[in-house]
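Peer 1: Provided herewith is a single structure, encoded as C-alpha cells, for subsequent inquiry.
The values are calculated or read from the model by the stated rules, or taken from the named source; none is laboratory data. All of these numbers come straight from a predicted model, not from anything done at the bench. Methodologically, a virtual Cβ is constructed for each residue, glycine included, from the backbone with ideal geometry; neighbour enumeration extends over all protein chains shown. To get the accessible areas, we keep the full protein, side chains included, count just its heavy atoms, and leave off ligands, DNA and RNA. Shrake-Rupley method; radii C 1.70, N 1.55, O 1.52, S 1.80 Å.
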Amino acid sequence: MTAAEQPAAAPGTARRAEIAAALAAVRERITRAVAGSGRAPGDVTLVVVTKDVPAGDIAVVASLGELDVGESREQQLRAKHGELAGLGLRWHFIGRLQRNKATAVARHVTTVHSVDDERLLAPLARGALEVGRELGCLIQVNLDGAPGRGGVAAGEVAGLAAAVATTPGLALRGVMAVAPIGADPGTAFARLAELSRRLHGDHPGATWISAGMSGDLEAAVENGATHLRIGTAILGSRPPAR
Ligand SMILES: *Cc1c(COP(=O)(O)O)cnc(C)c1O
C-alpha cells in the first residue's frame, strides 16, 4: 500500500497550516501574474495536482476552497475519488493515459488533459456515456518532439481535435502542454498559444489552455493559460510523514 492508498487520516494542525500558507503564496503569485499580463482574475483556474498525495491532504485543499484537483494515475484517482466523495471535487486527469485504463478514468473525472491518441477516444467515450456526463478533453501537444513523452506533434492537433469533436460523449475543450525540459517556458507557451488560436478558429468552444506548473506558472499566465496545474508549490514534493 502506498501512502496515497491509506484511508483519509485527517492531517494535523501543522500540516494544515503548511498547506494553507503554501496555497496562499501560490494564489499571490497567480494574482500578480494575472495583473501583470492585464488579464482578468476569473480567466485563470488553479488545478491543484494531488498525485502521490494522501486523500487527507486533498480534503484540506478542498476546505481551503480549491475544488479542482488533478491526478495522473488511474489507481490513485479511483481510490481517492472513492474516499473523498461528497466534497464536490472536480477531478482532472493529467497523466499518460493507457487505453485499458481510459474507460475507468473517464468515469471519475470532468476533464482529461492528456488526450494524445485517437485510439483513446472510444474507451473514454464509453466511460463518459456510462456515467451520463460529457467528458472534457484537451489535446496534449508535445512542443519539442522529444520521443517518449506524452502529446501529439503540432501538425496532428487539428486531426485529433476533429475526432474528439465528433465523438458523442466527448467535448473538445482546448490544448495542454508541459514546457520542454531545458527550454524557455515563455517560448514554449507562446507556441502553445498560437496552436490554441488556430484550434479556436475551427472549434470556437475550445478555449482552454492548460499550461504552467510550480516552476513556470508566470510564463504560462503571460501566454494565455486558462488552467494552471500546480502540485509541488502547494503540497511539497513527497507525501508528508505523519
Ligand atoms: C506533476 C505534474 C504537474 C505538477 O507539477 P509541479 O511541478 O509539481 O507543480 C503538472 N502537470 C503534469 C502533467 C504533471 O505530471
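Peer 1: Taking H placed 1.01 Å from N in the peptide plane, check which residues at least 5 places from Val115 or on another chain put their amide H under 5 Å from its amide H.
Peer 2: Leu138, Gln140
Peer 1: Here's something else I'd like to know. Give me the extension gain from Glu118 to Ser63: residue separation times 0.36 nm, minus the current Cα-Cα distance, reported in nm with one decimal. Present the calculation step by step, with values, prior to reporting the outcome.
Peer 2: Details: separation 55, 0.36 × 55 = 19.80 nm, distance 3.73 nm.
Net length gain for the segment: 16.1 nm.
Peer 1: What is the set of long-range amide H partners of Leu135 at a cut-off below 5 Å, with H atoms built 1.01 Å from backbone N?
Peer 2: Leu170, Ala171
Peer 1: If the viscosity is 1.567 mPa s and the temperature 4 °C, what Stokes-Einstein diffusion coefficient in µm²/s follows for the range 79-143 when Rh is the Kirkwood radius over Cα pairs?
Peer 2: Working: Rh = 12.0 Å.
Rounded to a whole number, D works out at 108 µm²/s.
Peer 1: Quick one, could you list the DSSP H helices from the chain stretching 20 Å or more along their long axis (Cα atoms) with average Kyte-Doolittle hydropathy of 0.0 or above?
Peer 2: Membrane-span-like by this criterion, though nothing is claimed about a membrane: 13-36.
Peer 1: Let me ask you something else. Just subtract the alpha-carbon distance of Ala190 and Arg133 from 0.36 nm times their residue separation and send over the number in nm, one decimal.
Peer 2: 17.3 nm
Peer 1: Relative contact order of the range 1-113, please, whole-number percent, based on alpha carbon pairs below 8 angstrom and at least 6 residues apart.
Peer 2: 26 percent
Peer 1: Between Thr45 and residues 5 or more places away or on another chain, which pairs have amide H atoms under 5 Å apart, with H built 1.01 Å from N, and which residues are they?
Peer 2: Amide H to amide H, under 5 Å and 5 or more residues apart or across chains, Thr45 pairs with His227, Leu228.
Peer 1: From the C-alpha coordinates alone, can you work out the Kirkwood hydrodynamic radius of the chain, in Å?
Peer 2: 18.1 Å
Peer 1: For the chain, with the dipole built from +1 on Lys and Arg beta-carbon atoms and -1 on Asp and Glu ones, taken about the Cα centre, which of Gly56, Ala220, Ile209 lies farthest toward the positive end?
Peer 2: Farthest towards the positive pole: Gly56.
Peer 1: What is the extension gain from Ala40 to Thr110, computed as 0.36 nm multiplied by their sequence separation minus the C-alpha to C-alpha distance, in nm to one decimal? Please report the intermediate quantities before stating the final value.
Peer 2: Values: separation 70, 0.36 × 70 = 25.20 nm, distance 2.39 nm.
Extra length available between Ala40 and Thr110 comes to 22.8 nm.
Peer 1: Averaging sequence separations of C-alpha pairs under 8 Å and six or more residues apart, then dividing by the length of the range 140-242, give the relative contact order as a whole percent.
Peer 2: 22 percent
Peer 1: Same structure again: GluC sites (Glu not before Pro) within the range 83-152: which are DSSP loop residues with at most 10 other Cβ atoms inside 10 Å?
Peer 2: Numbers: sites: Glu83, Glu118, Glu130, Glu134; in loops: Glu134.
Passing both the DSSP loop test and the Cβ count: no residue.
Peer 1: Also, quick follow-up: May I ask you to order 107-113, 141-147, 194-200, 223-229 by the average number of other C-beta atoms within 10 Å around their residues, highest value first?
Peer 2: 223-229, 107-113, 194-200, 141-147
Peer 1: What is the sum of charges around Ile181, taking Lys and Arg as +1, Asp and Glu as -1, for the other residues whose C-beta is under 14 Å from the C-beta of Ile181?
Peer 2: So the environment of Ile181 carries a net charge of -2.
Peer 1: Then there's this: Using a cut-off of under 17 Å, list every residue of the range 132-147 whose amide N is near the label point 7 Å from the Cα of Arg96 along the Cα-to-beta-carbon line.
Peer 2: Under cut-off, by backbone N: 140-147.
Peer 1: Please report, in debye to the nearest 20, how large the charge dipole of the chain is about its Cα centre when each Lys and Arg carries +1 at its beta carbon and each Asp and Glu carries -1 there.
Peer 2: 420 debye
Peer 1: Using alpha carbon centroids, what distance separates the range 128-142 and the range 86-108, in Å?
Peer 2: So the two Cα centres are separated by 9 Å.
Peer 1: Report the label-to-label distance for Leu87 and Asp202 in nanometres (one decimal), using points 7 Å from each Cα along the Cα→Cβ vector.
Peer 2: 3.8 nm
Peer 1: Once the Cβ-Cβ distance between Glu28 and Arg78 is put in as r, and R0 is 25 Å, what FRET efficiency do you end up with, to the nearest 0.05?
Peer 2: After rounding, the FRET efficiency stands at 0.15.
Peer 1: Of Met213, Met176, which has the most accessible area with a 1.4 Å probe, and how do the rest follow in descending order?
Peer 2: Per-residue accessible area, sorted high to low, gives Met213, Met176.
Peer 1: On to the next question. Add -39500 (n - 2.57) for each DSSP H run of 4 or more in the chain, then divide by its residues: what number comes out at 222 nm, to the nearest 500 deg cm²/dmol? Kindly include the intermediate steps, with their values, before the conclusion.
Peer 2: On the way: 9 runs with 101 residues, N = 242.
Here the helix-only value at 222 nm equals -12500 deg cm²/dmol.
Peer 1: Run the accessible area of the chain with a 1.4 Å probe and give the carbon-and-sulfur part as a rounded percent.
Peer 2: That fraction is 53 percent.
Peer 1: Determine the per residue accessible area of the chain with all protein chains present and a 1.4 angstrom probe, expressed in square angstrom.
Peer 2: Details: 10750 Å² over 242 residues.
Value for the chain: 44 Å² per residue.
Peer 1: What does the charge dipole of the range 1-90 about its Cα centre add up to, to the nearest 20 debye, if the Cβ of each Lys and Arg holds +1 and the Cβ of each Asp and Glu holds -1?
Peer 2: Once rounded to the nearest 20, the dipole reads 200 debye.
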